[in-house]
Amino acid sequence: MGGTPSEVRGSISRASAVSTLVTGGRVITPDGEVTGWVAIDDGRITAVGDGPAPAARSVVDAAGGWVVPGFVDIHCHGGGGASFTEGTAEAVSTAVDVHRRHGTTTLQASLVSAAPDELVRQIGSLRPAVRSGLLAGIHLEGPFLAEGRCGAHDPAALCAPEPALVDRLLAEGGGTVRMVTLAPELPHALPAVRRLVGAGVLAAVGHTDATADQARAAVDAGARVATHLFNAMRPLHHREPGPIAALLDDERVVVELICDLVHLHPTVARLAARHAGPRRTAAVTDAIGAAGAGDGEYVLGGLPVTVTGGVPLLPGGALAGSSLTMDRAFANLVRGCGLTVEEAVRATSTTPASLLGLDAAVGAVRPGLDADLVVLDEEFTIRAVLAKGTRVPPAGTSDEAPPVGHPSR
């Protein structure tokens, strides 16, 4: 819906110019679409309106395009040729910068399965970036995964979520580990879910061969996320619906969707998003170091990965993450999967922000929130990115993700 003429949400001082004004765009707010402007001061949104715009020291012209909240990616392994498993400040900065230029202003770092000592090292190396605010948290995608559904994880690194190991990893994180993916059919899995939830950590079901009953038991124990729904899971079957149906049909669960049009056919993504609804759909990239870096040879969790035509594959032909960025995921949701712009905003910003408990600061274009904004043209290509009100340098033409409508595999 459009805003009331000359309506201003928030407050601005007419006595002095605001710091930055984003103007001339179709602004997607929690209350609907407003053709107007967004005022920014001190890194926060101070007002949104569609009447006369205030004076500003700096103006970003949306030129009739879309103004949406900065993207929030809860599942990302790296970018720009760098991987979060490296753990160095340079690698973290490289990956964060690449994804920020593509609109992701809030990013959670995902780690893959590794030996316990190595995971402890990686968590410790990422901890400062979380505490500084550069990263929103750490996601452990493993090692508590089913061997038959391990995907691009080293089978030798997999293990059951024994209490001592779960406690050790949480202790090393010191509150920075925000999400853990596990297969609920493994020994100790349900107590692990309860331990994670008790520590304020999101428990996610993924890389699993669980039955529907086992998946539901995990949700009853407190799991609230489906890690990249459909991918690395027992397939949907009409007599044994498995984890896909159990997770998709449960109102307590947010489902991740990798919307590169490679991991999921557009029809499947659309069906899942329509059934889950905007409140329960979170678009993720599952990006590896190839995002923003192009085709070539990479390493993911010690396994060799070849990226050709933007598609990362293991030597045996299995998908190994993606080279997706969230701006392309947004465009794919609308142009490829048939979601509305408002639904795409919820999937790429609002719902994941709420899932991480960050919705008081990010995830919407609303006065009082951080001025994390993405300006898109009518084809959903990025025109500008602002992080806490500061203009982010644009992405170069050489670091684009695969085009919208890449053939499905």
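The values are calculated or read from the model by the stated rules, or taken from the named source; none is laboratory data. As the structure is a prediction and not an experimental result, all values here were calculated from the model. Cβ placement follows ideal geometry from the backbone for every residue including glycine, while neighbour counts extend to all protein chains displayed.
Among the helices (runs of 4 or more DSSP H) confined wholly to the range 324-402, which include 1 or more residues that are of a type in the set (Val, Ile, Thr)? It would help to see each step written out before you state the result.
Working: elements: 326-331, 341-345, 351-355.
Helices (runs of 4 or more DSSP H) meeting the threshold: 341-345, 351-355.
Does the range 75-88 include one or more residues that are assigned by TED's automatic domain parsing to the domain that holds MET179, in a helix (DSSP H, G or I), surrounded by fewer than 24 Cβ atoms within 10 Å (Cβ to Cβ) and in contact (Cβ under 8 Å) with a residue 12 or more places away in the chain?
In the first step, residues of the range 75-88 are kept if they are assigned by TED's automatic domain parsing to the domain that holds MET179; the result is 75-88.
From what's left, in a helix (DSSP H, G or I): none.
Scanning the range 75-88 turns up no residue that is assigned by TED's automatic domain parsing to the domain that holds MET179, in a helix (DSSP H, G or I), surrounded by fewer than 24 Cβ atoms within 10 Å (Cβ to Cβ) and in contact (Cβ under 8 Å) with a residue 12 or more places away in the chain.
Can you tell me which residue among GLU185, GLU251, GLU172, GLU162 is at pLDDT 95 or above, of a type in the set (Asp, Glu) and in contact with a strand residue (DSSP E or B) (Cβ under 9 Å, 6 or more places away or on another chain)? Steps first, please.
Values: GLU251 fails: in contact with a strand residue (DSSP E or B) (Cβ under 9 Å, 6 or more places away or on another chain); GLU172 fails: in contact with a strand residue (DSSP E or B) (Cβ under 9 Å, 6 or more places away or on another chain); GLU162 fails: in contact with a strand residue (DSSP E or B) (Cβ under 9 Å, 6 or more places away or on another chain).
After ruling out the rest, the residue left standing is GLU185.
For the range 61-74, how many residues meet the condition of being surrounded by fewer than 24 Cβ atoms within 10 Å (Cβ to Cβ) and assigned to a strand (DSSP E or B)?
Counting residues in the range 61-74 that are surrounded by fewer than 24 Cβ atoms within 10 Å (Cβ to Cβ) and assigned to a strand (DSSP E or B) gives 2.
Output the residues belonging to the range 56-94 that are over 15 Å from the mean Cα position of the chain (by Cα), more than 21 Å from ASP295 (Cβ to Cβ) and not hydrophobic (A, V, I, L, M, F, W, C).
Selection gives ARG57, SER58, ASP61, GLY64, GLY65, GLY87, THR88, GLU90, SER93.
Return only the number of the condition from (1) in contact (Cβ under 8 Å) with a residue 40 or more places away in the chain; (2) under 17 Å from the mean Cα position of the chain (by Cα); (3) in a helix (DSSP H, G or I) that HIS139 does not satisfy.
The number of the failed condition is (3).
If we keep just the residues of the range 308-330 that are closer than 22 Å to GLY87 by Cα and out of contact with any Gly (no Cβ under 6 Å at 6 or more places or on another chain), which is surrounded by the fewest Cβ atoms within 10 Å (Cβ to Cβ)?
ALA320
Is it the case that some residue within the range 154-168 is in a helix (DSSP H, G or I), touching a residue at least 40 places away in the same chain (Cβ under 8 Å) and either over 19 Å from THR85 (Cβ atoms) or of a type in the set (S, T, N, Q) (or both)? First the steps, then the outcome.
The first filter runs over the range 154-168 and keeps only residues in a helix (DSSP H, G or I), leaving 155-157, 163-168.
Okay, now just the ones that are also touching a residue at least 40 places away in the same chain (Cβ under 8 Å), so 157, 165, 168.
Still in the running and either over 19 Å from THR85 (Cβ atoms) or of a type in the set (S, T, N, Q) (or both): none.
No, the conditions are met nowhere in the range 154-168.
Condition check: outside any loop (DSSP other than H, G, I, E, B) and either of a type in the set (A, V, I, L, M) or at negative phi (or both). Does ALA223 satisfy that?
Details: outside any loop (DSSP other than H, G, I, E, B): no; either of a type in the set (A, V, I, L, M) or at negative phi (or both): yes.
Judged against the criteria, ALA223 is not a match.
For the range 89-97, does any single residue satisfy the condition of being surrounded by fewer than 19 Cβ atoms within 10 Å (Cβ to Cβ) and aliphatic (A, V, I, L, M)?
Taking the range 89-97 as the starting set, the residues that turn out to be surrounded by fewer than 19 Cβ atoms within 10 Å (Cβ to Cβ) are 89-90, 93, 97.
Then drop every residue that is not aliphatic (A, V, I, L, M), which leaves 89.
For the range 89-97, residues surrounded by fewer than 19 Cβ atoms within 10 Å (Cβ to Cβ) and aliphatic (A, V, I, L, M): present.
Being assigned to a loop (DSSP other than H, G, I, E, B) and assigned by TED's automatic domain parsing to the domain that holds ARG279 is true for just one of PRO184, PRO191. Which residue is that? First the steps, then the outcome.
On the way: PRO191 fails: assigned to a loop (DSSP other than H, G, I, E, B).
So the residue among PRO184, PRO191 that is assigned to a loop (DSSP other than H, G, I, E, B) and assigned by TED's automatic domain parsing to the domain that holds ARG279 is PRO184.
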